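Written below as structure tokens is the structure these notes are about.
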Amino acid sequence: MIESNIHIASELYPILEQVSDPEIPVLSILEMGVVRSAQLIDGVVQVVITPTYSGCPAMDVIGDDIKSILKENGYEATIKLVLSPAWTTDWITEKGRKALLDYGIAPPLGAEADKEVLLGNKKLVGCPQCGSTNTKMVSQFGSTACKAFFQCEDCLEPFDYFKCLK
């Protein structure tokens, strides 16, 4: 579901696809939708990234990882951090959503469903282990600020739910 205004030079895509999100290592920064553009201009790769939320501590690591992998592939790089437009969970690709689920993190729902879930009004978050929606929120915050902590009331497994951000 990455926006169509993403501009990544075709020769850079397979390189950047190797950079993992440091907080969710099964996702690449491309699947996460953090990379807004990557262009080769005057011999230097210029990469524009957007944090999942303002002040995200992983952005410095992501920038360093991008520079490192591009250097390994013979490119010099500059990283530009942009805050607008703000990152949204809509930018997580379908491949990324599946990777979250396979890793044991329930992917984000839509904005309205997310509000119903986080306010305790509806049981809509599916358990990544058994698929049941008979789940309950244990805490508004999970392993990171962008996740809530849930437990399945059928299989009793705890799991994170990636909150919807719009």
Residue tally, condition over 23 Å from Cys56 (Cβ atoms), at pLDDT below 95 and crowded, with 21+ Cβ neighbours inside 10 Å, over the stretch 94-146
0
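What residue, among those in the stretch 23-44 that are within 21 Å of Pro57 (Cα to Cα) and of a type in the set (Asp, Glu), is modelled with the highest pLDDT? Give the steps one after another, and end with the answer.
Of the stretch 23-44, the ones within 21 Å of Pro57 (Cα to Cα) are 23-37.
Those still in the list that are of a type in the set (Asp, Glu) too: 23, 31.
Details: Glu23: 89, Glu31: 96.
Once the filter is applied, the top-ranked residue is Glu31.
Just the residues that are part of a helix (DSSP H, G or I), under 22 Å from Glu23 (Cα atoms) and more than 15 Å from the chain's Cα centre (by Cα), please, taken from the stretch 64-90. Let's see the steps before the verdict.
Taking the stretch 64-90 and keeping what is part of a helix (DSSP H, G or I), we get 64-72, 89-90.
Narrowing further to those that are under 22 Å from Glu23 (Cα atoms): 64-70, 89-90.
Within the stretch 64-90, Asp64, Asp65, Ile66, Lys67, Ser68, Ile69, Leu70 meet the criteria.
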For the stretch 93-119, what are the residues that are within 17 Å of Pro158 (Cβ to Cβ) and without any contact (Cβ under 8 Å) to a residue 40 or more places away in the chain?
Leu101
Residue hits (the stretch 1-49; touching a residue at least 40 places away in the same chain (Cβ under 8 Å), over 13 Å from Ala77 (Cβ atoms) and part of a loop (DSSP other than H, G, I, E, B)) are Met1, Ile2, Glu3, Gln18, Asp21, Pro22, Glu23, Ile24, Val26, Leu27, Gly33, Val34
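The values are calculated or read from the model by the stated rules, or taken from the named source; none is laboratory data. Note that the structure is predicted; figures quoted are calculated from it, not measured. Neighbour counts run over all protein chains shown; Cβ positions are idealised from the backbone, glycine included.
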